[in-house]
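For reference, the structure is listed below as structure tokens.
The values are calculated or read from the model by the stated rules, or taken from the named source; none is laboratory data. Being a predicted model, the structure only gives us computed values, none of them experimental. Positions of Cβ are backbone-derived with ideal geometry, glycine not excepted, and every protein chain shown enters the neighbour counts. Side chains are part of the model used for accessible areas, which takes the heavy atoms of the whole protein and leaves out ligands, DNA and RNA. Shrake-Rupley method; radii C 1.70, N 1.55, O 1.52, S 1.80 Å.
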Amino acid sequence: MRRKHTVCYICLDPLENYTPDEIEYDHIYNYADGHPQELSNFAPVHASSEPNKANCHKSKGKKSPVEYREELRILKALKAITGLKDLCPKAVPSVYSITPRFDTITINGTALPLYNQRVGGKDNHYFFHEVETKFIENDDEIQLRPLEPKILPLVFNLKRSVQLLPTLGRLDAESKTIKVFDGQHKAVAQIVGNNRPTIPCIVFVHPSVPELRVVIYEAHTDFVQQRYKKSHIDAKLADIYRQRIEAYRKQVGDPNARFTEGDILKGESKAETRKFLMASIIAEINLDRSFVRDFAAEDRQSQKRKPILWQSLERLVGKFCKLDAISKYSDDPDNYRSDEVDNLCFLLDQIEALGIKDKWSADNADSQLHKLCRTYFYKTAFNRWIDVLAEALKFALEQRNGAKIYEPLCFQKAFPGDTKARFIQIMRKLFDHPLWVQEPIQDEIAKANQDIVVGNIFKRENLDYIYLTKL
Ligand SMILES: [Zn+2]
């Protein structure tokens with residue numbers, strides 16, 4: 001097999017000087033994805049354990065060689081460029097003519113409709129075209145920014161997704177070239193990642209550069225669209241997840257068909273799966289309770305009105321719920337998804353009753369009770385007591401059951417009454433711990449910017465799972 005390969009499939013460096021046990025034969029495409037177990041699907045890669053020799057087999061991790069080779073190629077290509085100007089250093093001047101009525105432009109042999117945005121009595125003509133890369137260059141007068149690190153994920157994104165917005169350019173009357181002044185990242189991503197010979201562009205015809213500069217400056221500062229709020233993203237993800245379930249059921253021809261989360265989230269990474277399940281659990285909570293709407297702050301602004309940060313909410317869900325896709329069917333009695341939401345809602349009810357109700361009062365922010373509530377929910381404090389609480393509840397249940405619990409606490413049959421009573425006891429001890437009401441400690445917690453600082457306060461004040469579960 002060696003004879004036809006002389007270089008490593010991944011890094012393309014020679015295999016000479018590598019002994020047979022320093023070379024691995026990898027599936028170029030994953031066998032698991034249905035690719036054949038044939039000789040042609042195997043390729044040699046460096047796999048030396050010597051420190052000064054390559055181990056491409058190890059560094060590719062779980063990726064297939066073909067994926068990892070492409071990633072290396074892109075990284076290498078990007079390393080060599082600082083912007084579109086390096087890929088398209090000097091545009092070939094375009095040959096073009098415009099009809100007297102300004103409704104058609106014929107450019108480099110293609111006739112295209114011209115559009116006009118008339119603003120303040122002035123014409124602004126433009127056209128849309130897939131422009132060959134040889135005809136474009138970076139606009140040094142307007143586009144000054146170098147490539148940003150976000151280019152890398154964009155390259156990978158555009159390898160599997162459609163590009164929604166075109167690049168923007170202008171046809172310069174003097175040089176007759178198309179100069180790209182906005183969307184160079186997209187252009188670079190398409191050229192490097194997809195080897196595209198053309199770039200989708202909106203091109204303005206002979207615009208005034210100083211005016212364009214002002215418009216672009218304003219667009220990137222004053223009128224920048226608000227980033228999506230985390231809560232909106234969660235809602236969106238939950239929607240997508242629900243739609244996927246519907247689509248799956250449609251496909252199998254039964255509106256109530258059972259499914260596994262693996263079916264629905266097939267192909268998603270672990271991190272994406274986590275996000276989908278997190279979002280769907282939060283959406284389920286919202287059907288049963290107003291806790292999230294009432295107490296979780298969606299942005300900095302609403303932190304004054306609501307005690308819990310969105311990221312803390314997500315942390316809580318992540319602590320108590322299972323965020324891996326379940327392989328059991330949706331109607332399997334051992335699939336505890338709906339019990340899980342009930343159990344989590346029970347915990348949220350207690351947090352509300354013991355920590356928020358009659359305490360949180362945004363209109364009376366100087367009150368002692370408000371300050372107490374604020375202290376519970378400072379990010380660092382909340383992060384720590386969530387951990388201590390999870391530990392205590394689990395410990396109590398394990399003692400009661402006489403068996404270890406391996407799954408997240410809420411992922412089990414709905415808590416029976418006596419378990420609930422025990423949990424309430426533990427949670428009351430948590431919120432009634434003397435440390436919360438001491439002003440010096442409140443101030444210490446308010447200033448803490450790392451979880452470990454509050455962790456040390458808890459240690460010093462004996463707030464741990466032993467204290468919480470002591471009868
Ligand atoms: Zn190699």
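Taking 20 Å as the cut-off for C-alpha to C-alpha distance, list the pairs among Lys319/Lys357; Lys60/Lys275; Lys270/Lys328; Lys230/Lys266; Lys62/Lys266 that go past it.
The answer is Lys319/Lys357; Lys60/Lys275; Lys230/Lys266.
Per DSSP helix of 4 or more residues, -39500 (n - 2.57); summed, then divided by the residues of the chain. What does that give at 222 nm, rounded to the nearest 500?
Helices in the chain give a 222 nm mean residue ellipticity of -13500 deg cm²/dmol.
With the other protein chains left in place, how much accessible area per residue, in square angstrom, belongs to the stretch 230-469 at a 1.4 angstrom probe?
With the other protein chains kept in place, the stretch 230-469 gives 52 Å² per residue.
In degrees from 0 to 90, rounded to the nearest 10, what is the angle of the helix 209-220 Cα long axis to the longest principal axis of the chain?
Value to nearest ten degrees: 20.
In whole percent, and with a 1.4 Å probe on the protein chains, what portion of the accessible area of the chain is carbon and sulfur?
Solvent-exposed carbon and sulfur of the chain make up 52 percent of the total.
Have a look at Phe320, Phe259, Ala271 and report the one farthest towards the positive end of the charge dipole of the stretch 230-469, computed about the Cα centre with Cβ charges (Lys/Arg +1, Asp/Glu -1).
The residue sitting most towards the positive pole is Ala271.
What ranking, highest mean first, results for peptides 54-64, 116-126, 368-378 when packing means the other Cβ atoms within 10 Å averaged over each residue?
368-378, 54-64, 116-126
Output the pairs from Lys159/Lys229; Lys229/Lys470; Lys85/Lys159; Lys394/Lys459; Lys229/Lys359 with a Cα-Cα distance over 30 Å in this structure; if there are none, say none.
Correct reply: Lys229/Lys470.
Using alpha carbons only, how many degrees (0 to 90, rounded to 10) separate the axis of helix 417-431 from the longest principal axis of the chain?
On a 0 to 90 degree scale, this one is about 80.
Return the aspartates and glutamates within reach of Lys58: Cα separation strictly under 20 angstrom, same-chain partners fewer than 8 residues apart disregarded; answer none if there are no such residues.
Asp13, Glu16, Asp21, Glu22, Glu24, Asp26, Glu50, Glu67, Glu70, Glu71
Can you bin the stretch 2-79 into rounded, prolate or oblate? Criterion: square roots of the alpha carbon gyration tensor eigenvalues sorted a ≥ b ≥ c, rounded for a/c under 1.5, prolate for a/b above b/c, oblate for the rest.
Verdict is oblate for the stretch 2-79.
Given Ser97, His185, Asn383, which one lies farthest toward the positive end of the charge dipole of the chain, if we put +1 on the Cβ of every Lys and Arg and -1 on the Cβ of every Asp and Glu?
Asn383
For helix 65-79, report the angle its Cα long axis makes with the longest principal axis of the Cα atoms of the chain; keep it between 0 and 90° and round to the nearest 10°.
70 degrees
Accessible area per residue, 1.4 Å probe, Å², for the stretch 1-135: what's the number?
Accessible area per residue, the stretch 1-135: 65 Å².
Would you calculate the separation in nanometres between label points at Tyr115 and Ile424, each defined as 7 Å from the Cα along the Cα-to-beta-carbon direction?
Taking the two extended label points, one gets 6.3 nm.
Mind grabbing the accessible area of Leu309 for me, 1.4 Å probe, Å², rounded to tens?
40 Å²
Largest first, how would Arg101, Arg145 line up by accessible area (1.4 Å probe)?
Arg101, Arg145
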